[in-house]
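Quick notes on the structure that follows.
Laboratory data are not the source of any read-out in this text; all were calculated from the coordinates shown. Bear in mind that the values here come from a model prediction, so they are computed numbers and not experimental data. Cβ coordinates were reconstructed from backbone atoms using ideal geometry, including for glycine residues, and neighbour counts include every protein chain displayed.
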Amino acid sequence: MARILLVEDEPQMQRGLRDNLEFEGHEVSIEGRGNNGLQTLLRETFDLAILDVMLPEMSGFDIVRKARERGVRIPILMLTAKGEEIDKVLGLELGADDYVTKPFGLHELMARINALLRRSNPGRLSAEPVMLLGDITVNFSSYSGSKNGKEFEMTPKEFEILKYLWQHKNETVSRDSLLTNVWGYDESVSTRTVDNFVLKLRQKIEDDPAHPRIIITIHGTGYKLIA
Ligand code: CA
């Protein structure tokens, strides 16, 4: 478990990132404005900070620079917008440790965060998020899965879909929210893509993929993972 500060002004990003970080077992504080973000970063103790670049009142760059000047040593990950190549260089020069470009997949982001946390504090990360369901075991950190003791392969996207459904087990998850949370904001992906991935996923985890009992279809809406 790590304490993470997220400074981000878009409510949808705040929610998505918080849900995923909390699912990974982290404790998340959120600030939406640059100056509040800096104050919180200076006042409280965190293991890692995630800073959006474009923020009201004070940019993520200014936060990094000022925080480093005042002796904040924790890993800092910047969220930069597409096309702002210069931002990456500037962010790293000012003292950020890594950056992720929007739109990003959550898999990539979580991998970067975990790498930064491991680097700054090896051995500290707690129990890995695991799905145990009937004869199925899936470890979302090591990206491994087995059914009835037999390992099966999944693509990163399949893992992410399953993970999202598992995070929202017994709830109806719309195709749109799967799209947003697994693919980010990639407009080239359609809800049909989601359906195709779910079909593949069922072939791996369902006893009878033609009559799914784990990931069921909610007609006209999306899917529900029954646990
Ligand atoms: Ca922003």
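Computed from Cα atoms alone, the Kirkwood hydrodynamic radius reported for segment 3-120 is 13.8 Å.
With a simple spin-label model that places each label point 7 Å from the Cα along the Cα-to-Cβ direction, the separation between THR101 and ASN35 comes to 3.3 nm. Once you sort the root eigenvalues of the Cα gyration tensor of the chain as a ≥ b ≥ c, which label holds: rounded (a/c under 1.5), prolate (a/b larger than b/c) or oblate (the other case)? The shape class here is prolate. Note on the chain: antiparallel DSSP beta bridges, both residues inside, total approximately 50 percent of the bridges counted.
Cβ-Cβ distance of ARG73 and SER188, R₀ of 41 Å, FRET efficiency by 1/(1 + (r/R0)^6): the value works out to about 0.55. R0 = 22 Å: FRET efficiency of ASN170 with GLU22, Cβ-based, nearest 0.05? Computed FRET efficiency for ASN170 and GLU22: 0.80.
If each DSSP helix of 4+ residues adds -39,500 (n - 2.57) and the sum is divided by the residues in the chain, what number results at 222 nm, nearest 500 deg cm²/dmol?
Calculated at 222 nm, the ellipticity per residue is -13000 deg cm²/dmol.
Using a Förster distance of 22 angstrom, determine the FRET efficiency expected from the C-beta separation of GLU153 and VAL130, and round it to 0.05. Calculated transfer efficiency: 0.80. Considering only alpha-carbon pairs that sit under 8 angstrom and 6 or more positions apart, the relative contact order computed for the chain is 14 percent.
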